Each structure stands twice: as C-alpha cells, then as structure tokens.
1. Per-residue Cβ counts within 10 Å, from other chains only, averaged over B:22-32: what number is that?
2. Rounded to whole Å, give me the distance from the Cα center of the stretch A:91-115 to that of the stretch A:239-256.
3. Normalised by the residues of the stretch A:371-510, what does the relative contact order come to in percent, with Cα pairs under 8 Å and at least six apart?
4. Against the longest principal axis of chain A, how steep is helix A:3-24, in degrees 0 to 90 to the nearest 10, with axes from Cα atoms?
5. Per DSSP H run of at least 4 residues, take -39500 (n - 2.57); add these up for chain A, divide by its residues and hand me the 222 nm value, nearest 500 deg cm²/dmol.
6. Would you kindly derive the ³J(HN,Hα) couplings of the stretch A:25-38 from the backbone phi angles with the Karplus curve 6.51 cos²θ - 1.76 cosθ + 1.60 (θ = phi - 60°), listing them in order in whole Hz, with x for Gly and Pro?
7. Give the accessible area for A:W176 in Å² (nearest 10); use a 1.4 Å probe, count only protein heavy atoms, and leave out ligands, DNA and RNA.
8. How large is the translational diffusion coefficient of the stretch A:78-120 in µm² per second when you combine the Kirkwood radius over alpha carbon pairs with Stokes-Einstein at 25 °C and 0.890 mPa s?
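The values are calculated or read from the model by the stated rules, or taken from the named source; none is laboratory data. Source: prediction; values computed, not measured. Glycine also receives a Cβ, built like all others from the backbone with ideal geometry; neighbour counts cover every protein chain displayed. For accessibility, only protein heavy atoms count, side chains too; no ligands or nucleic acids. Shrake-Rupley method; radii C 1.70, N 1.55, O 1.52, S 1.80 Å.
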Amino acid sequence: MRYVTLGMFGVILAISLAITYWAAKRTRTTSEFYAAGNRLSAAQNGFALAGDWCSAAAFLGFTGLTALYGLDGAFYALGPLVAFCTVLFLIAEPLRNTGKYTLGDVIMYRMQRKPALLAAVIGTIVVNFAYLMPQMAGAGVLIKLLTGISYDASVVLVGISMIVYVAFGGMLATTWVQIVKAVFMLAAAALVLVLVLAFVNFNPLILFDGVEKRYGTNFLLPGNYLKNPFDQISLALGYVLGLAGLPHVMTRFYTVPDAKAARKSVIWVMFLAGSFFIATTIFGVAAAYFIGKDALQVADRGGNLTLPLLAQYLGGGAGTLGGELMLGFVSAVAVATILAVVSGLTLATSGAIAHDCYVNLIKHGQVDERRQVRVARGAAVVIGVLAIVLGIFAQGVNVAVLVILAICIAASANFPVLVLSLTWRRFNTGGVVGGMMFGLISSIALALLGPAVLGNDAVWPLVNPTILSMPLGFLGAVLGTLLAGRDRANESRFDDVLLRAHTGVSPSDA
Amino acid sequence: MTGAIRSPARSQLRALLAAKIRLLVPLIIIYLTSYVGLTVLAGFAKTTMAYKIVGPLNLGLILILFNYALAWILALVYVRVAGRTYDPEVERLRAGIEKSRQCAT
C-alpha cells in the first residue's frame, strides 16, 4: 500500500468533493446542469478542455510508449493536438451556435426529424460507452498499481466519485474538476521537465544522443511500435478527425457565452495540451536515458509506470523522501486525470439520454425544467452504475481495442454526419441514418475482425479501422441522402441553418 | 415580410461564407497534408526520417516539432482573421436583421 500516493489522492478527492458541493448549490436549471449556465470564460473552458482531453492514456501512455518504442510515442502524442485544428476550423463555432446541450441538438436543428436525432443519440451513446469502459478498466489497473487498492474497489471508488460530481454538480462541477486536474497535471509536468533539464545542464540534446548510443539509431526511427504503415495512417486519421466527433469534448463548447469564446478556448487548449504532449516526448526519452527500457518494462509491461518512475528518479530515487514525494505526486495526478475524463463522459451521456432521448424524442420537448434536471441527474446515476459494472467485468479484457474503437467510431460515424450537416445543402435525414449506420457497423466489424481481437487469424490486417471505416461513413451519408430523395423544404431551410451557424441568429428569432 | 428581412442579409451571409471558405480551405489542406503526409513518410520512407538535422535530432523528430508549430500557427492565423474580419461582418449582419425585425413589428 503506497501511503504517500494514497494521501495525495485523498487530497485531490477532497478538493473535487468540495468543488461538487459548491457547484451543487449553483446547479438548478438545465442550462446550469448541462452547460454551466454558458458563463465560462475562454481560458476556463480551455483548461477544462485540456483536463477533459488529456486522459491517463496521454499522461502515462505517451510517455511510456516513447520510452519503450521511441519515435512512435512522439507520433502518438502529435495527433491529439492536430485534431484541434479540425475542431477549430469546422466544428466549434457552428456547434455552439446551432446546438443547446448535446451533439444531437445540432443534428436535430438541421434536420428537424426524429430519426436523425435517434441516429445521433446512438452515435453518442456508443462512442461514450466505448470510451468509458476502458477508462474505468484503466482506472482499476492504475489505482491498484499506484496505491495498492484492489481493482474492483478502485473501479467502484472512481465510479461513485463521478456519479457524485455529475449528479450533484452537473457541468459546473465537472468543469472545475477538469480545470483543477489540468492545473495539477501541468504543474506536475512542469516540475518534471525542469528537473529533467536540470539533470542534463539544460541541454536536452544529451538525452537524445544518449538513448541513441544506448539503443541504436533505430530507437528514434518510426515503426518500432506501429509496424504496419497503413496502421499508422489509420491511427493518425482516427485522431485528427475523431476528436471533432467526440461528444464529451465537443459539448464543452456549450459552456461559453458565444462562438467567439468557443474559438478562443480552442487556442487555450491547443497551447496547454500541445505543450504537455511535447513534454511527454521529452519525458519518454529521459526515462529511457536515466532508467532504461528494461527496468521500465519490469515495473509494467506496457510502460505505464514510466512517468511516475521518472519522477521518483528525479526526486532522488526509490526510498528517498524526495523520490517518494515525487512518485506520490505524479501518481496522484495520474489518478485524478481519470476522474476528470470519466465525469465528462458521464455528463455527455446523461445529455444524450435525458435531453435528447427523454425530453426531445419521447416527450417532444414538453417537460418542465425541474423534471428535466431530475431526469438528467437520474440518468447520470444509472450511467455511472453501468460504467462500474462494465469496468469490473472488463478486468483482464483487452481494453485497448475499445479505446481505438471509440475514436474510430467518432471519426467514422459522428464526424461525417456532423460536418455534412453543417456544410452540405442536399444532406438529409436519410444521409444521417446512412452515415451513422455505415460508420458504426464498419468500425465495429473491422475492429472485431482485426488483429486486436483475432490475432494471427485476423481477416482485416489493421488494428485501426479508420482508414476504411471513415470513408465508408461518408459513403453511407451520401448514399442515404441520395436514396431518400429530395427534400426541398430541408434544402431551402439550409440558408437559415447557415445563418444561425455562422452568426448565432435566426431570421425567425423573436 | 420574411423575404424582405432576408434579402440583404442573404447576400451579406454569402459574402461572409465566401470569405471564410477562401481562408479555411487552404488552412485545412495545409494541416491535413502536412500531418497525414508526415505519417505516410514515417511509414514508407524510414531512411529519410533518419537524416540528422540538429545534432542527434533526426528529420522525424524535427518534422514532428514542425507539425506542432504549424498547428499552433494556423490556429492563431484563423483566430486573428476571424476576430478582425468575420466578427465585424457578423455584427453588421445581426444589426441589420435586428433593424428589419423592428421595422416589421
């Protein structure tokens, strides 16, 4: 049992519960529950976006990958940053202008037909659960590794925390948990970075030179981890287009007052998260240099303990006070990282179920405020319990498939439908349904037929399906549109949609 | 009445959208080509990636850093142009719609 880590984690947990208590008093209306009353500043949203997007996969995974496999780890870290360009240029502002709380709102604003909303809901729920399950499993493994608490207890602890944050504090609590996590994460990274540089007399080239001498020039070349070049391309496409279809990150844009603030918050997160991703590359190389690949793999085969071990080394090594404090701090931050992400996921899924499904699909929007909020809170609880159950069952399962799958579905189903809704006049409900179907089915099928599930008997040769499933998603959208025939009313309404998407006003606003 | 509100707004909107497309299409082509291009290069031209540029830093690392910088620069360019050119246009559009709405009521 690692008491220092447990203690620090306890502090972070206490802070987040205090945040929730403060937020709960300010969360009464649906606008407050789903969008924090639209009152966040661009900087606040930027930090929250960084906290939401940088999962433990980024914090621990990228560092570990770089330490064990060299350049491929650096590649992995680049994609999540470039992905924000797609968001900034195509999605953030129109989304803020045309939707209210969810991705479904945007699709519904464009199509005004229930099948379209249903398709959007399915896309949101599938992506969110595919993302949530590995996060819960990862939480179980990580907390057990870092603190000694059992896997099941860890999953339950994370699950109950996120239920409390979301059900009581809604988007306001979620946001501030994410902001606090981002601040801690960046502080930890800055501390480790300064120490790394101090150890090499502020000449980082020593690190790169050192690992090359130790592991050969191949270490700093691509291909050590992702052996198939098409797999690399597929992964890159998945990230760069998938973020724009990820509901729990995209709905963060509803928390700011207008499109301009949404735009600025992307700049904030690009610099915050981007600097962080570059740092993970330096950390990985430093860990390989100071500690060595073998020792890292002994500690954890996937390299997930690389960053905590590096921190421990820089603090003075195992057994020293500095070493243990550093290890505890970085480990606690890693655990906090998971809480922030799963809260965001739970809130976004609650939006899909309570707001899209219950209020809009089933009750045609005829539900009073208080009931809407109550249903939203209830949905958060149900989702949380489901997440706990799934997390416990996922122990030992290869959750890497799910992580890839979530981003891939976002890129293959959600992204094509979203972008076409905002840009193509002819696009209609048939296209939404077709795009979702083709995108969902192809990504899931190809993932199940691929090496991650079938190993050497794989029918589909790539771990990442995106390179085929994303074009198929677009194809399904086009085919569905053409097969559904022309909808003149929908097409002439597109002018109003464009006006609203790019200016925030509608001609029929009273 | 709605026709009267929409006509000047419509042409203003079209002009705004044309301006946005003129900026966004090149930006999108640049960042996508650069990023996917780098990935293609990494997959199929490993020996090229090995060229040392600055000390032990090879072309691969340099290109990765370049793509970080490119993403940041393109984003800042867009935000700058949007703030200086598009936002005033949007304000004008909205004011125009407000006025026509007031005249109509």
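1. 2
2. Between the Cα centre of the stretch A:91-115 and that of the stretch A:239-256, the gap is 13 Å.
3. The normalised contact order for the stretch A:371-510 reaches 27 percent.
4. The helix A:3-24 is inclined about 20 degrees to chain A.
5. -24000 deg cm²/dmol
6. 5, 10, 10, 10, 9, 5, 4, 6, 5, 8, 9, 6, x, 6
7. 70
8. 217
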